[in-house]
Amino acid sequence: MRGKMGRIAGAGILAAVCVLGLPGCGKEQPEDSGKNYIGVAYYNQSDTFLNELLDSFRSQLKEMQGEDTETVVMIRDAAGSQRTQDDQVKELISAGCDVLCVNLVDRADPSEIIDLAREHEVPIIFFNREPVAEDLMQWDGLYYVGAEAEQSGYMQGELAADLIKSDSRTDRNGDGKIQYVVLEGELGHQDAIIRTETVVEALTDQGIELEKLSYQIANWNRAQAENRMEQLIGQYGSQIELVLANNDDMALGALDAYEKSNNTEAAFPVFFGIDGTKAGLEAVVDSRLAGTVYNDKEGQAGAMAQIAVALLTGRGMEEIEFQKDRCVYLPYEKVTKENVDAFLMRGL
Ligand code: BGC
Ligand code: CA
């Protein structure tokens with residue numbers, strides 16, 4: 001995907017950035033200005049992975065800049081409310097946005113947004129929170145960019161199985177089973193449900209005997225995960241041998257709880273995350289996380305930028321390799337201490 005970026009570099013796009021709350025945002029007069037406007041609506045500005053993804057989106061758009069066209073990116077945070085997001089989309093459309101990138105709050109409830117966009121003929125690139133196929137099929141101006149959740153959970157399970165097989169100390173009480181807990185993302189999010197299922201499936205496929213202690217929802221959030229883990233430590237003491245978190249922020253929150261507890265490091269379980277955020281990768285470097293699975297934010301941001309540019313210019317859409325008609329799924333990759341340096345370079 002990144003290789004193709006050069007080819008669209010001549011498309012004449014100058015990306016400027018307009019962040020929510022800055023003076024002037026939403027007051028533009030796009031019709032008169034000759035600029036392009038991309039509206040981005042995302043579910044919550046406290047999300048680490050999405051903030052890193054959007055930084056990459058802005059910088060990749062900027063890389064495509066030329067002299068004659070300017071693209072302004074207007075970003076809106078729904079703070080967890082679908083109703084707020086519906087209003088923001090309305091506002092972005094009336095501000096004259098030519099393309100929208102939407103990270104739904106409730107992925108099962110995009111109909112109001114789809115109706116609005118369709119009525120005004122503003123195409124939408126949904127990202128990261130995947131609408132169901134029937135909704136995406138409603139109009140050919142709808143796209144999706146993300147990744148296959150099955151793959152991430154399965155890879156996380158394989159990473160954990162490799163460690164369990166190669167280091168007998170992982171089974172700390174030596175009972176032949178791995179006592180584990182799962183920290184889950186939001187209820188109803190495709191990545192939470194599926195990662196939780198496939199991580200266990202992979203471990204079982206690898207012949208690892210598991211004993212489930214607890215599954216806790218922590219909504220992708222580091223502080224919530226710390227809180228849940230604190231309770232689990234209270235309940236299970238040093239019995240927990242493995243922490244499987246649906247994302248890095250929650251794996252790090254679990255670690256925070258252990259670091260604040262009176263357990264010695266020898267009594268810590270091993271932790272696995274998913275994402276490869278900056279903090280997640282650094283924790284792999286320090287061996288605080290045993291591994292993570294790279295959720296290719298640069299690839300996803302690049303695909304979003306590429307589709308947006310194709311929609312704005314009417315050129316380059318045929319170069320994009322879509323699956324299921326108008327979807328792009330970027331592959332996940334396993335990250336351990338051995339290969340983490342290569343991933344740290346990507347965010348730069
Ligand atoms: C990421 C999480 C993120 C969530 C937001 C997932 O794909 O792994 O870190 O919080 O998307 O929708
Ligand atoms: Ca054990």
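The values are calculated or read from the model by the stated rules, or taken from the named source; none is laboratory data. Since the model is a prediction, treat every value here as computed from it, not as a measurement. Every residue, glycine as well, gets a Cβ built from its backbone with ideal geometry; the counts of neighbours run over all protein chains shown. Surface accessibility is based on the protein's heavy atoms, side chains included, excluding ligands, DNA and RNA. Shrake-Rupley method; radii C 1.70, N 1.55, O 1.52, S 1.80 Å.
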Cα gyration tensor, region 149-294 - rounded (a/c under 1.5), prolate or oblate: rounded
Amide proton proximity set for CYS327, modelled H, under 5 Å, gap of 5+: TYR144
Phi-based couplings in Hz for region 215-225 (Karplus 6.51, -1.76, 1.60; Gly and Pro marked x): 10, 10, 8, 10, 6, 6, 10, 5, 5, 5, 5
Solvent-accessible ranking of TYR215, TYR43, largest area first, probe 1.4 Å: TYR215, TYR43
Greater than 24 Å apart at Cα, pairs in LYS35/LYS90; LYS212/LYS337; LYS212/LYS278; LYS165/LYS337: LYS212/LYS337; LYS212/LYS278
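Let me have the relative contact order for region 276-347, percent, based on Cα pairs under 8 Å that are six or more residues apart.
That works out to 46 percent.
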3J(HN,Hα) from dihedral phi, region 288-300, Karplus parametrisation 6.51/-1.76/1.60, rounded to Hz, x for glycine, proline: 7, 9, 6, x, 8, 10, 6, 9, 6, 5, 5, x, 5
Amide proton proximity set for GLU211, modelled H, under 5 Å, gap of 5+: ILE178, GLN179, TYR180
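Dipole of the chain, Cα-centred, from +1 at each Lys and Arg C-beta and -1 at each Asp and Glu C-beta, to the nearest 20 debye?
Taking the Cα centre of the chain as origin, the dipole is about 540 debye.
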For PHE127, residues with placed amide H under 5 Å, excluding near neighbours: VAL102, ASN103, LEU104, VAL145
Mean Cβ count within 10 Å, highest first, over the residues of peptides 137-144, 318-325, 102-109, 203-210: 102-109, 137-144, 203-210, 318-325
Relative contact order [Cα under 8 Å, 6+ residues apart], region 149-294, whole percent: 25 percent
Within the chain, percent of DSSP bridges classed antiparallel, to nearest 5: 10 percent
Helix 48-63 axis, angle to the chain major axis (alpha carbon atoms, nearest 10°): 40 degrees
Hz values of 3J(HN,Hα) by residue in region 154-169 - Karplus curve (6.51, -1.76, 1.60), Gly and Pro given as x: 5, 5, 4, x, 5, 4, 5, 4, 4, 5, 4, 6, 8, 10, 5, 5
Euclidean distance of C-alpha centroids, region 128-182 and region 263-310, integer Å: 13 Å
